[in-house]
Each structure stands twice: as C-alpha cells, then as structure tokens.
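The next block holds one structure in the form of structure tokens; read it before the comments.
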Amino acid sequence: MAEQYPIVSCCLLGCVPEFYNERMTDRAQALLREALALPLEERADVAAELLASLDGETDLVDVEAAWAAEIEKRARRVLAGDSSGIPWEDVRRRAEADLRKS
C-alpha cells in the first residue's frame, strides 16, 4: 500500500488538505507535489498536457475550432441581449452545492 501524503489543493471549495488514495504510487504523489509547487502558468501547462494525453489522438485544430465556435455563439447571445450570464458567486455556490451532494 502506498503511503498517503497530505497535499493542499485549491479547488472550487477553496484550499483544503487532501489525502490522495492508495492507488496513487509514491512516484505519482511525488510528481504531483512537485507539479503543485510550480507557478500557476506552468501548472496550467502541465495540466493541459496531462489532460490531452488522456484523450488519445484528438485533432487539436478540430477542438480549437469547436471552442471558437462555442465562444462566438455565447458572445453573440450576450451582445444580442439574449443572455446576461450568471455571476461567478452564483456559479460557485451552485458548484459547491453539487459537490456536496456527490
């Protein structure tokens, strides 16, 4: 059984200590601790690369085009007055409530 390491994680609920489960190896936990110590921009880059590695062979151009289309669609709705958006605090409260249900 791998030893559990306390790691402070900042998520929607704020910064909280977490213990990663026993399936994570000592090496993976050490890598995670190192990654969490990186500056924000570098952590984001590492996270994006790790997530991309899980997707297999996804055409990056298609993904970027899909996101661009979605952003344009949302921007048009806001500019047309069809959507005013949702304040961040409301989104955060809803996400926290959803997480507590899980």
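Of all residues in the stretch 85-100, exactly one satisfies the criterion of being open to solvent by less than 70 Å² (accessible area, probe 1.4 Å) and assigned to a loop (DSSP other than H, G, I, E, B), namely G85.
Just so you know, in the stretch 54-69 the residues that are open to solvent by 80 Å² or more (accessible area, probe 1.4 Å) and under 19 Å from the mean Cα position of the chain (by Cα) include one that is modelled with the highest pLDDT, and it is W67.
The values are calculated or read from the model by the stated rules, or taken from the named source; none is laboratory data. Computed from a predicted model, the values in this text were never measured in an experiment. Ligands, DNA and RNA are excluded from the accessible area calculation, which covers all protein heavy atoms including side chains. Shrake-Rupley method; radii C 1.70, N 1.55, O 1.52, S 1.80 Å.
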